[in-house]
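First the structure, in the form of structure tokens, and then the observations on it.
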Amino acid sequence: MADSQTAATKTAAGPKATTLGKQAKSDLPKEIFGEPFNEALVHEAARADLAARRRGTHSSLTRGEVSMTTAKAWRQKGTGRARAGALSVPHRYGGGAAFGPKPRHYTVKVNRKARRKALRAALTVHAERNSVAVLDGASFSEPATKQAADALEKWGADGPTLVVIGAEEEAVAKSFRNIEGVRVALADAAGVADVVGAGSLVVTQTALEQLKGRAV
């Protein structure tokens, strides 16, 4: 009976995570770290995130846009050669592109509820494989890259690491951004693709609240 109550208490409290630079464990909000993984939904949201980052400014010149004379290449008859018209045709050197790229947007719409569910699922994956750590942003009153690198090494961060911070935690950003294999992102801007693509995830306590507001 006691074991059942203990298990129920742990379930209600939510998963635990390493506190970067400390021995104690931190509680993770069950609301955003308890979502079952949905591969199709996460893939859709990650694809939308990556597509939205494309500038879409690529452009090529068409037949009407190339700098080319409009005169006929040579007279129609009497040369013994095949008939030829404009020199701006795609198969001639210097001609315009037939089906070249033009400026466009790559935005893929994902419903708000689906995007939030995908973000919760991506965060839950890190909680399940113990690859998420919580950081007290107040411990970095000023930039300290060595302190940040030592904390990550002691924790054993694996693969590319994503550090999610709050908007006012500039000292934390400066401490982690110069470490190889570490990327810093604001909690308001970190997307599903960022979370899924990270081997390890570090979230400040401030960013944790902001992520909760975005994902619930």
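Given 4 °C and 1.567 mPa s, how large is the Stokes-Einstein diffusion coefficient of region 74-169 in µm²/s, with Rh as the Kirkwood radius over Cα pairs?
On the way: Rh = 20.5 Å.
For these conditions, the coefficient is 63 µm²/s.
For the residue pair Ser141 and Lys102, what label-to-label distance in nm results when each label sits 7 Å from Cα along the Cα-to-beta-carbon direction?
6.0 nm
Just to make sure I understand: if all protein chains stay in place, what is the order of Tyr93, Tyr106 by accessible area at 1.4 Å, largest first?
Working: Tyr93 225, Tyr106 40 Å².
Per-residue accessible area, sorted high to low, gives Tyr93, Tyr106.
What area, in nm² and to one decimal, does the C-alpha convex hull of region 169-215 cast on average over all directions? The partial results should precede the final answer.
Values: hull surface 13.3 nm².
That works out to 3.3 nm², a quarter of the Cα hull's surface.
Report the accessible area of Thr70, computed with a 1.4 Å probe over the heavy atoms of all protein chains in place, in Å² rounded to the nearest 10.
About 130 Å², rounded to the nearest 10.
Could you check which residue among Gly197, Gly95, Gly80 shows the biggest mean-square fluctuation in a GNM of the chain with a 10 Å Cα cutoff?
Gly80
Starting at the first residue of region 184-198, write each ³J(HN,Hα) from the Karplus equation 6.51 cos²θ - 1.76 cosθ + 1.60 with θ = phi - 60°, in whole Hz, x for Gly and Pro.
For region 184-198, the Karplus-derived couplings read 10, 9, 6, 4, 6, 10, 5, x, 4, 4, 5, 5, 5, x, 8 Hz, x marking Gly and Pro.
Apply the Debye scattering formula to region 11-153, with a single equal point scatterer on each alpha-carbon and no solvent, then give log10 I(q)/I(0) at q = 0.13, 0.14, 0.17, 0.18 Å⁻¹.
With one equal scatterer per Cα and no solvent, log10 I(q)/I(0) is -0.80, -0.87, -1.03, -1.08.
What are the ³J(HN,Hα) couplings of region 158-173, residue after residue, when phi is run through the Karplus curve with 6.51, -1.76, 1.60 and θ = phi - 60°? Round to Hz, x for glycine and proline.
So the J values, rounded to whole Hz, are 10, x, x, 10, 10, 10, 9, 10, x, 5, 8, 8, 5, 5, 5, 4.
Using the structure shown, select from Lys22/Lys113; Lys30/Lys113; Lys16/Lys154; Lys16/Lys212 the pairs with a Cα to Cα distance greater than 25 angstrom. If you can, show how the numbers build up before the last one.
On the way: Lys22/Lys113 35 Å; Lys30/Lys113 17 Å; Lys16/Lys154 18 Å; Lys16/Lys212 16 Å.
Over 25 Å Cα-Cα: Lys22/Lys113.
Ranked by accessible surface with a 1.4 Å probe, highest first, in what order do His58, His91 come? List each step's numbers first, then the result.
Details: His58 60, His91 155 Å².
From most exposed to least exposed: His91, His58.
Could you calculate the FRET efficiency of Phe37 with Leu186 from 1/(1 + (r/R0)^6), where r is the beta carbon distance between them and R0 is 30 Å, rounded to 0.05?
0.75
Can you tell me which of Leu186, Leu20, Leu87 moves the most in a GNM of the chain? Springs connect C-alpha atoms under 10 Å apart.
Looking only at Leu186, Leu20, Leu87, the largest GNM fluctuation is found for Leu87.
Rounded to whole Hz and in sequence order, give me ³J(HN,Hα) for region 204-216 from the Karplus expression 6.51 cos²θ - 1.76 cosθ + 1.60, θ = phi - 60°, writing x for Gly and Pro.
With the stated coefficients, region 204-216 comes to 6, 4, 5, 5, 4, 5, 5, 5, 4, x, 7, 9, 9 Hz.
Could you work out how far apart the two model spin labels at Lys113 and Ser60 are, taking each label as a point 7 Å from the Cα in the direction of the beta carbon, and quote it in nm?
Distance between label points: 4.3 nm.
How much area per residue is accessible in the chain when the probe is 1.4 Å and only protein heavy atoms are counted (Å²)?
I get 62 Å² per residue for the chain.
Mean separation of Cα pairs under 8 Å and 6+ residues apart, divided by the residue count of the chain: what relative contact order is that in percent?
24 percent
Please report, in Å, the Rg and the Dmax of region 105-216, where both are computed over Cα atoms only.
Spelled out, the Cα radius of gyration and Dmax of region 105-216 are 14.0, 43 Å.
Who wins for biggest fluctuation among Val89, Val172, Val108 in a Gaussian network model of the chain, springs between alpha carbons below 10 Å?
Val89
Restricting to bridges with both residues inside the chain, how much of the DSSP beta-bridge set is antiparallel, in percent to the nearest 5? Please list the in-between numbers first.
Details: 3 of 18 bridges.
Percent antiparallel among DSSP bridges in the chain is about 15.
Given H placed 1.01 Å from N in the peptide plane, which residues other than close sequence neighbours of Leu135 have an amide H under 5 Å from its amide H?
Leu20, Val203, Thr204, Gln205
For Val184, which sequence-distant residues (separation of 5 or more, or a different chain) have an amide H within less than 5 Å of its own amide H, given hydrogens modelled in the peptide plane?
Residues meeting the criterion, in which the H sits 1.01 Å from N, are Val163.
The values are calculated or read from the model by the stated rules, or taken from the named source; none is laboratory data. Please read all numbers here as calculations on a predicted model, not as lab measurements. Cβ: placed from backbone, ideal geometry, glycine included. Neighbour counts: every protein chain shown. To get the accessible areas, we keep the full protein, side chains included, count just its heavy atoms, and leave off ligands, DNA and RNA. Shrake-Rupley method; radii C 1.70, N 1.55, O 1.52, S 1.80 Å.
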